[in-house]
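The structure appears right after this line, and notes come after that.
The values are calculated or read from the model by the stated rules, or taken from the named source; none is laboratory data. Everything numeric here is computed off the predicted structure, so don't read it as measured data. Here the Cβ positions follow ideal geometry from the backbone for every residue, glycine too, while neighbour counts run over all protein chains shown.
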C-alpha cells in the first residue's frame, strides 16, 4: 500500500468526528450539503492519468474520483466505464463541468473549473439534483474562493499548494498563504498541487478539509 494511502487511512480515523461547522452553516447551496463530504480525491488527467481505473483500489473508502477530459465523447466513455467500478469500491464520482452527464450516470456530483464557477450556480432546478449530490469547484486565489462560494459549491479545491507537474513553472501558494485562505473560506477547502504523504503531513492543523492528488496515489 502506498504512503499517501496509509496516511489517509490513519487520518480518517480522527477526521470524521465533528466536521467543521461551515459544512452546515448558512451557505445557500443548490442541494443540501452531503455529510460527510469526501476528504480525499483522485483526479484524472488527460496526460498524467487518463485512466484512473488501476488506482481506484488504493483510495480510502468514501474518497472521491474526479473525472476530467477535454474531449466530450471521451469524457462520456470515461464516466460510463469508471462510475460502476468506483461505486463497487464505495468511492464517489464527480464529473468535471457536466452536471447532466453526472446525473445521467448516477454519479455523486460535479466539479466546476474556476472558469465554470465564475459563471455562477449550476443552471439546474434544485429538484433535479438528488440528495447528497456534491458540487465542488476549483480555485487559485481569494477571489476564486469567493466565486466558488457564490456558485453554491459545497467545497473548493485550492491549488497549487506546492510545486506541481500539472502546472510547471506556476507559482505555488505555499503553506502560509494556503492556511490564510483556507481560514477565510466560507466553505471547506481541499488542498491540491504537489501532494505527497510528506506535504500532506505539513498541512496538518492548517484548516485543510482534505487533500487531492493525481499521481501521488500511485506512488
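When you scan segment 139-147, do you find a residue that is under 26 Å from residue 6 (Cα atoms) and either part of a loop (DSSP other than H, G, I, E, B) or under 15 Å from the mean Cα position of the chain (by Cα) (or both), even just one? No: zero hits.
Within segment 195-208, the set of residues being closer than 18 Å to residue 59 by Cα and surrounded by fewer than 21 Cβ atoms within 10 Å (Cβ to Cβ) comprises 196, 197, 198, 199, 201.
For segment 54-99, filtered to residues that are farther than 20 Å from residue 215 by Cβ and modelled with pLDDT under 95, the residue that is surrounded by the most Cβ atoms within 10 Å (Cβ to Cβ) is 62. Here residue 160 fulfils each of the conditions (1) more than 14 Å from the chain's Cα centre (by Cα); (2) part of a loop (DSSP other than H, G, I, E, B); (3) without any contact (Cβ under 8 Å) to a residue 40 or more places away in the chain apart from (1). Has segment 81-96 got any residue that is touching a strand residue (DSSP E or B) at 6+ places or on another chain (Cβ under 9 Å) and at positive phi? Looking through segment 81-96, none of the residues is touching a strand residue (DSSP E or B) at 6+ places or on another chain (Cβ under 9 Å) and at positive phi. In segment 201-219, the qualifying residues are those that are over 21 Å from residue 93 (Cβ atoms) and not in a helix (DSSP H, G or I), and the one that is modelled with the lowest pLDDT is 219. Within the option set 211, 187, being farther than 19 Å from residue 62 by Cα, within 17 Å of the chain's Cα centre (by Cα) and surrounded by 24 or more Cβ atoms within 10 Å (Cβ to Cβ) holds for one residue only, 187.
Residues of segment 120-129 include none that is in contact with a helix residue (DSSP H, G or I) (Cβ under 6 Å, 6 or more places away or on another chain), modelled with pLDDT of 95 or more and closer than 20 Å to residue 94 by Cα.
Conditions tested, residue by residue: (1) assigned to a helix (DSSP H, G or I); (2) in contact (Cβ under 8 Å) with a residue 24 or more places away in the chain; (3) more than 19 Å from residue 40 (Cα to Cα).
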residue: 94; (1), (2), (3): no, yes, no
residue: 101; (1), (2), (3): yes, yes, yes
residue: 115; (1), (2), (3): yes, no, yes
residue: 121; (1), (2), (3): no, yes, yes
residue: 136; (1), (2), (3): no, yes, no
residue: 156; (1), (2), (3): no, yes, no
residue: 177; (1), (2), (3): yes, no, yes
residue: 181; (1), (2), (3): yes, yes, yes
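Applying the condition of being out of contact with any strand residue (DSSP E or B) (no Cβ under 9 Å at 6 or more places or on another chain) and closer than 17 Å to residue 182 by Cα to segment 25-48 and asking which residue is modelled with the highest pLDDT yields 27. For the criterion of being in a helix (DSSP H, G or I) and at pLDDT 95 or above, residue 198 fails.
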